[in-house]
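**Q** Let me begin by handing over the structure; questions about it come next.
The values are calculated or read from the model by the stated rules, or taken from the named source; none is laboratory data. Source: prediction; values computed, not measured. Virtual Cβ from ideal backbone geometry, glycine too; neighbours counted across all protein chains shown. These accessible areas exclude ligands, DNA and RNA; they are computed on the full protein's heavy atoms, side chains included. Shrake-Rupley method; radii C 1.70, N 1.55, O 1.52, S 1.80 Å.
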Amino acid sequence: MKKTAVACLALATLLVAAPAQATGRTVPQPVATSPACPPPADVRPDPDAEIPPVNRAALERAIAGLPAADATAAIVRVGGAKGSWRGVSGVADLAGKRKASANARFRAGSVTKTFTTAVVLQLVAEGRVSLDGTVQEYLPGLLPETYPEVRVRQLLDHTSGLPAPDLPGSLEWVYRTRFRTWTPHEYVALAVRNPVEFTPGTRQHYLNVNTFVAGLLIEQITGNSYEHEVTTRILRPVGMRDSYLPGASPRIRGRHHTGYQAVPEGFPDAVPYGTAHVVDMTEMSTTSTWASGDLISTVADLEKFVRALFSGQIVPPAQLEPMFTVPGVTTYGTCEPAAYTSGMSRMVLPGGIVAYGKTGARYGYAAGIGATRDLSRTLVYSVNSTDAKASGQNQRTLGIALASFAEPS
């Protein structure tokens, strides 16, 4: 019997449940000692595991019924050797009731981290950066003198121990300051007022500050802006004509869907939506996430990116391995094994299939990319979720991820 990913909740975790990047700093209790943690479950890859044919009916059901309380629109592209499927559902905005478009731009959120990591690995391939080089070497004065050495590879796989900045985490504060412009140095300086969370290389903690520093590294080494390097090294060569980095602009250029966030009644500018209320979050500065989350893209462009990245067209194969390698440490504050590679996540499915991907969330926008390494199955989605940054799993995107690997009935 062919082994497939019918029971693919694990993939859904990969493609949906990456933790939303908190605005403020979280301080979980440190893991006691390694011997105190039970051994992780032994889930092994199976080289004979096969991808099932595309389940079109399941995918149609996953995006049916929009607009709904949880989301206003969804766009999905599934591809690979076992077939392809494209779907779109919902409305572009609540006021005009325009139908959603398969070509609409959206905020890709933390999918941006995969692009930032790819540029750093290109610089490694060019001999201009070493993964074992330190932040202190490449960016002197950025980190406090009391900090231990932080290596470039530790930035990319989130094992640096660098802390997050202390910022308010409430939606009210985010909405009130949504047009504020941050500089990367301002963000990092605010973060490193705090002590390191752990000895670099001993734990993994997924935080935006790592990719901020990686973005500054790109600028220091190349002498050009982060935006210029991503555009000239990835977007243009791959043919991602509808993708761009907005810089300080709070707008989304061209055709796009409106992003809404569910809010309590009485929230500033809130409008009724069914039995609840939402606020328009489409226009807002992305400088608070910069190299960690500012990309604006389309599902077609991101599918091009996934294919080019996994096939070694963006990063040479020798330097691409960190993007498919999870460090052998535990997640900070837990006994769970690390889940992130450099720029993505890795998941072994119950059937033995291995998948890699990255999710992203901005208020009003939930996005994700994923694929098997041999590109036998690819998935890109954008969902205009009304609570995209909620902790836990978004059920709509969970359903899409499950349907993308479900066995046809």
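**Q** Do the alpha carbons of any pairs in 304/358; 97/304; 82/113; 113/304 sit beyond 25 Å of each other, and which pairs?
**A** Cα-Cα > 25 Å for 97/304; 82/113; rest within.
**Q** Then there's this: For the chain, set up a Gaussian network in which alpha carbons nearer than 10 Å are linked by springs, and say which option among 52, 327, 237 fluctuates the most.
**A** Comparing 52, 327, 237 in the GNM, the peak value goes to 237.
**Q** Towards the positive end of the charge dipole of segment 96-171, with charges on Cβ (+1 Lys, Arg; -1 Asp, Glu), say which of 104, 116, 134 has the farthest Cα.
**A** 104
**Q** What part of the accessible area of the chain, given as a whole %, is carbon or sulfur when the probe is 1.4 angstrom? It would help to have the intermediate numbers written out before the result.
**A** Working: 8690 of 16630 Å².
Summing carbon and sulfur atoms, their accessible area is 52 percent of the total for the chain.
**Q** Given the protein chains as shown and a 1.4 Å probe, how many square angstrom of residue 226 are accessible, to the nearest 10?
**A** In the full protein context, residue 226 sits at about 0 Å².
**Q** Let me ask another. Calculate the dipole size of the chain relative to its Cα centre from +1 charges on Lys and Arg beta carbons and -1 charges on Asp and Glu beta carbons; express the result in debye to the nearest 20. If you can, show how the numbers build up before the last one.
**A** Working: 38 positive and 33 negative charges, 242 e Å.
The dipole of the chain has a size of about 1160 debye.
**Q** What per residue convex hull volume, in Å³, comes out for segment 276-346 when only alpha-carbon positions are used?
**A** Details: hull volume 12.5 nm³, N = 71.
In segment 276-346, the Cα convex hull volume per residue is 176 Å³.
**Q** Let me ask you something else. Run the numbers for residue 390 and residue 170: contour at 0.36 nm per residue of separation, minus the present Cα-Cα distance, in nm. Show your work: numbers first, answer last.
**A** Details: separation 220, 0.36 × 220 = 79.20 nm, distance 1.19 nm.
Result for the pair: 78.0 nm of gain on full extension.
**Q** Hey, another quick one. Which of 212, 115, 179 ends up with the largest GNM mean-square fluctuation for the chain, with Cα atoms connected below 10 Å?
**A** 179
**Q** Residue 285: net charge of surrounding residues, Cβ under 14 Å, Lys/Arg +1, Asp/Glu -1, itself excluded? Intermediate values should be presented prior to the final figure.
**A** Numbers: positive: 107, 176, 178, 180, 251, 362; negative: 186, 283, 294.
Around residue 285, the surrounding residues sum to +3.
**Q** Could you report the chain's accessible area per residue, 1.4 Å probe, as an integer in Å²? Display every interim value, and only then the final one.
**A** Values: 16630 Å² over 409 residues.
Ligands and nucleic acids excluded, the figure is 41 Å² per residue.
**Q** Let me ask another. Kindly report, to the nearest 10 Å², the accessible surface of residue 409 as traced by a 1.4 Å probe over protein heavy atoms only.
**A** Rounded to the nearest 10, the figure is 140 Å².
**Q** Along the charge dipole of the chain, which of 332, 69, 83 sits closest to the positive end, that is, farthest toward it, with unit charges on the beta carbon of Lys, Arg, Asp and Glu (+1, +1, -1, -1)?
**A** Comparing the listed Cα positions along the dipole, 83 ranks first.
**Q** Follow-up. Most mobile of 383, 78, 238 per a Gaussian network model of the chain (Cα springs, under 10 Å)?
**A** 238
**Q** Still on this structure, I have one more. If packing is taken as the average number of other Cβ atoms within 10 Å across a peptide's residues, how do 248-254, 187-193 rank, most packed first? Present the calculation step by step, with values, prior to reporting the outcome.
**A** Details: 248-254: 13.7, 187-193: 17.9.
Listed from highest to lowest mean packing, they are 187-193, 248-254.
**Q** Around residue 300, what is the net charge, scoring Lys/Arg as +1 and Asp/Glu as -1 over all other residues with Cβ under 15 Å from its Cβ?
**A** On the way: positive: 77, 86, 105, 241, 255, 304, 307; negative: 242, 301, 303.
After counting each charged neighbour, the total is +4.
**Q** What would the Debye formula give as log10 I(q)/I(0) at q = 0.15, 0.17, 0.25, 0.26 Å⁻¹ for the alpha-carbon point model of segment 73-142, no solvent?
**A** -0.74, -0.80, -1.14, -1.16
**Q** Over all pairs of distinct alpha carbons, what does the Kirkwood formula give as the hydrodynamic radius of segment 356-407, in Å? Could you put the intermediate results ahead of the total?
**A** Values: mean 1/r = 0.0870 Å⁻¹.
Result for segment 356-407 stands at 11.5 Å.
**Q** Next question, about the same structure. When a/c reaches 1.5 or more, the comparison of a/b and b/c decides; with that in mind, is segment 55-94 rounded, prolate or oblate per its Cα gyration tensor? Spell out each step's value before the answer.
**A** Values: a/c = 3.88, a/b = 2.21, b/c = 1.76.
Judged from the Cα gyration tensor, segment 55-94 comes out prolate (a/c at least 1.5, a/b above b/c).
**Q** Charges at C-beta only: +1 for Lys and Arg, -1 for Asp and Glu. How large is the resulting dipole of segment 154-291 about its Cα centre, in Debye rounded to 20?
**A** Numbers: 11 positive and 13 negative charges, 70 e Å.
For segment 154-291, the charge dipole is close to 340 debye.
**Q** Order 82, 389, most accessible first, counting only protein heavy atoms with a 1.4 angstrom probe. Can you show the working numbers first?
**A** Values: 82 80, 389 45 Å².
Ranking 82, 389 by accessible area, largest first, yields 82, 389.
**Q** Checking the a/c ratio against 1.5 first, then a/b against b/c, what shape does the Cα gyration tensor give for segment 136-256?
**A** Working: a/c = 2.06, a/b = 1.31, b/c = 1.58.
It comes out oblate by the Cα gyration axes.
**Q** Is the shape of segment 86-126 rounded, prolate or oblate, going by the alpha carbon gyration tensor and its root eigenvalues a ≥ b ≥ c, with a/c under 1.5 for rounded and a/b larger than b/c for prolate? All intermediate terms of the calculation are to be shown ahead of the outcome.
**A** On the way: a/c = 5.29, a/b = 3.47, b/c = 1.52.
Prolate, since a/c reaches 1.5 and a/b exceeds b/c.
**Q** For the modelled label position 7 Å from the Cα of residue 409 along Cα-to-Cβ, which residues of segment 55-80 have backbone nitrogen atoms closer than 12 Å?
**A** It comes to 56-62, nothing else.
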